[in-house]
Amino acid sequence: MASLPELILQKVNELGSVDTLALSSILNEDHQKIVGAVKSIQSLGDVIIAEPSSTKLWELTDEGKEISVNGSYEALIFNAVPEDGIQQAELMAKVPNAKVGFGKAMTKGWIVFDKSSGKVTRKIQNITDETKDHLNIILNKDHVEIPDNVKLDYKKRKLLQEVTIKSFNLKKGSQFSLTLSKPETDLTPEMIATGAWKTKTFKPYNFNALGIPPSCGYLHPLLKVRTEFRQIFFEMGFTEMPTNNFVESSFWNFDALFQPQQHPARDAHDTFFLLDPKKSEKFPQDYLERVKSVHSKGGYGSQGYRYEWSIEEAQKNLLRTHTTAVSARMLYKLAQEESFKPVKYFSIDRVFRNETLDATHLAEFHQVEGLVADYNLTLGDLIGILYEFFKKLGITKLNFKPAYNPYTEPSMEIFCYHEGLKKWIEVGNSGMFRPEMLLPMGLPEKVNVIAWGLSLERPTMIKYGYNNIRDLVGPKVDLQMVQENGICRLDK
């Protein structure tokens with residue numbers, strides 16, 4: 001038995017020119033199968049010419065198919081009215097889609113409704129269900145012509161839909177043949193030895209085709225931007241801080257940073273607290289006492305917050321809300337050295353906050369932090385370093401706005417002008433750590449610490465053109481995105 005491609009070639013040979021839709025009826029095959037067979041023939045060379053064309057057809061919707069079997073709603077209403085009539089309420093409850101059918105039957109003059117008695121009676125004895133008849137004509141593709149205005153009415157009633165079917169008009173090509181021989185794809189040693197290659201037809205080699213890409217791992221866009229940030233910090237002489245402890249105590253996350261225990265950030269609505277282990281026990285006791293004292297009584301020129309400081313509150317474990325907790329640990333460690341040496345530290349790692357998820361917020365994100373500790377640093381030093389840092393990121397238009405942070409004074413929000421959006425956007429926060437935070441650690445009085453922080457996700461979203469952070473991070477991320485994104489190069 002001949003294959004479908006060979007049957008198609010026979011019909012093209014017989015008819016000279018034929019449409020794939022007509023072939024579908026002639027060969028009693030699904031149209032998509034016919035199109036697929038045509039594509040396979042075309043892959044063998046110029047055997048046939050396939051010119052695309054489109055045909056508009058009317059098809060029944062699911063509701064239309066149901067009516068073609070059971071009858072129109074108006075006919076169902078008419079048939080449900082007995083000779084002696086029926087109450088409207090009973091009729092409406094008896095027939096599906098009764099509201100539509102009742103209105104149509106009234107318009108056609110098939111039934112009469114007496115408002116005083118609420119009774120429905122027949123106006124005529126027999127009807128012709130034209131709607132059902134018309135839909136069956138269209139369903140069976142009869143050649144009876146139905147007026148266009150009637151079809152449009154059925155379309156408005158959502159009983160019909162107009163569909164466009166793409167097909168191909170087939171003609172003989174320059175290499176037309178009734179038999180198909182598949183071209184060889186490889187020249188084998190046997191063909192060379194026997195000389196069979198002389199009579200074989202070979203498929204043309206595509207020397208422009210790319211090879212199969214090797215399977216390998218891919219860097220996420222966040223990791224690419226993180227690598228660029230790290231390189232900038234290293235260029236500026238910074239040392240990376242260890243940030244592998246996601247769980248912190250409230251002491252290091254809040255108290256050591258001179259953040260009061262009544263601060264809204266310490267509420268469960270903003271912070272993830274741990275149930276197990278619930279508390280930390282080991283703290284540097286002398287340092288803890290100094291922190292307690294500066295919170296509750298003041299010191300170092302400050303009056304403190306004047307409240308009863310609670311060790312139980314400081315012991316609570318949580319998922320760190322910022323990597324500034326790591327900065328506090330590193331500065332305390334620095335203060336324990338025999339002699340102070342100026343340092344420049346940075347970190348890039350995850351932090352966790354009990355945020356409401358939306359297009360720009362996640363409960364887990366990255367914080368990019370930098371700090372410099374040295375003698376007699378000023379706000380001018382902070383601004384100068386920030387200008388140099390952001391210049392290396394490709395950001396040259398900066399503005400600073402005074403802000404408030406519990407552990408920095410003065411504090412500044414950092415804004416940059418976004419050329420694409422044509423507006424100023426906030427990119428980070430900065431400030432000078434307060435004496436109430438630094439002096440209890442044991443750092444010398446004239447040592448100042450300037451610091452700043454920004455997110456990793458926002459620059460990455462801008463760099464790669466993402467509008468929704470959930471397309472970049474989280475369970476809904478398309479892994480193909482990770483493979484297709486090119487290497488990051490900040491516009492330095």
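The values are calculated or read from the model by the stated rules, or taken from the named source; none is laboratory data. This structure is a prediction, so every number in the text was calculated from the model and none was measured. All Cβ positions, glycine included, derive from the backbone under ideal geometry; neighbour counts span all protein chains shown. Areas reflect the complete protein model, heavy atoms only, side chains present, ligands, DNA and RNA absent. Shrake-Rupley method; radii C 1.70, N 1.55, O 1.52, S 1.80 Å.
Structure notes:
- Any hit, segment 335-343, residues being at pLDDT 90 or above, of a type in the set (Phe, Trp, Tyr), outside any helix (DSSP H, G or I) and touching a Pro at 6+ places or on another chain (Cβ under 8 Å): yes
- Only residues that are more than 13 Å from Tyr73 (Cα to Cα) and either of a type in the set (Asp, Glu) or without any contact (Cβ under 8 Å) to a residue 12 or more places away in the chain (or both) were counted across segment 83-106, and they come to 4.
- Test set (1) open to solvent by 50 Å² or more (accessible area, probe 1.4 Å); (2) at pLDDT 85 or above; (3) over 18 Å from Ile348 (Cα atoms) - Ala256 fails condition number: (1)
- With respect to the conditions (1) under 19 Å from Ser177 (Cβ atoms); (2) in contact with a Ser or Thr (Cβ under 9 Å, 6 or more places away or on another chain), Asp19 lacks only one, and its number is (1).
- Counted residues, segment 477-492 - those being modelled with pLDDT under 70 and either aliphatic (A, V, I, L, M) or touching a strand residue (DSSP E or B) at 6+ places or on another chain (Cβ under 6 Å) (or both): 2
- Residue match in segment 234-257 (condition: among the acidic types (Asp, Glu), part of a helix (DSSP H, G or I) and over 37 Å from the mean Cα position of the chain (by Cα)): yes
- Among (1) at pLDDT 75 or above; (2) closer than 17 Å to Val351 by Cβ - the single one Gly474 does not satisfy: (1)
- Residue in segment 224-231 that is β-branched (Val, Ile, Thr), crowded, with 19+ Cβ neighbours inside 10 Å and assigned to a helix (DSSP H, G or I) present: yes
- Residues that are at pLDDT 85 or above, open to solvent by less than 50 Å² (accessible area, probe 1.4 Å) and either in contact with a strand residue (DSSP E or B) (Cβ under 7 Å, 6 or more places away or on another chain) or not β-branched (Val, Ile, Thr) (or both), drawn from segment 122-162: Asp129, His134, Leu135, Asn136, Lys151, Tyr154, Arg157, Leu159, Leu160
- Filter result for Val81 (hydrophobic (A, V, I, L, M, F, W, C), in contact with a strand residue (DSSP E or B) (Cβ under 8 Å, 6 or more places away or on another chain), more than 27 Å from Gln161 (Cβ to Cβ) and open to solvent by less than 20 Å² (accessible area, probe 1.4 Å)): yes
- Residues considered: Gly36, Gly64, Gly45, Gly103. Of these, the only one that is assigned to a loop (DSSP other than H, G, I, E, B), open to solvent by less than 70 Å² (accessible area, probe 1.4 Å) and among the small types (Gly, Ala, Ser) is Gly45.
- Exclusive hit being without any contact (Cβ under 8 Å) to a residue 24 or more places away in the chain and not basic (Lys, Arg), set Asp62, Asp46: Asp62
- Residue in segment 262-280 that is over 24 Å from Tyr375 (Cα atoms), of a type in the set (Gly, Ala, Ser) and touching a Phe, Trp or Tyr at 6+ places or on another chain (Cβ under 9 Å) present: yes
- Those residues of segment 378-432 which are aromatic (Phe, Trp, Tyr), part of a helix (DSSP H, G or I) and either without any contact (Cβ under 8 Å) to a residue 60 or more places away in the chain or under 20 Å from Ala265 (Cβ atoms) (or both), in sequence order: Tyr387, Phe390
- Among the residues of segment 274-323, those that are of a type in the set (Ser, Thr, Tyr), part of a helix (DSSP H, G or I) and open to solvent by 10 Å² or more (accessible area, probe 1.4 Å) comprise Ser293, Ser296.
- Residue check, Pro183 of a type outside the set (Val, Ile, Thr), without any contact (Cβ under 8 Å) to a residue 60 or more places away in the chain and open to solvent by less than 90 Å² (accessible area, probe 1.4 Å): no
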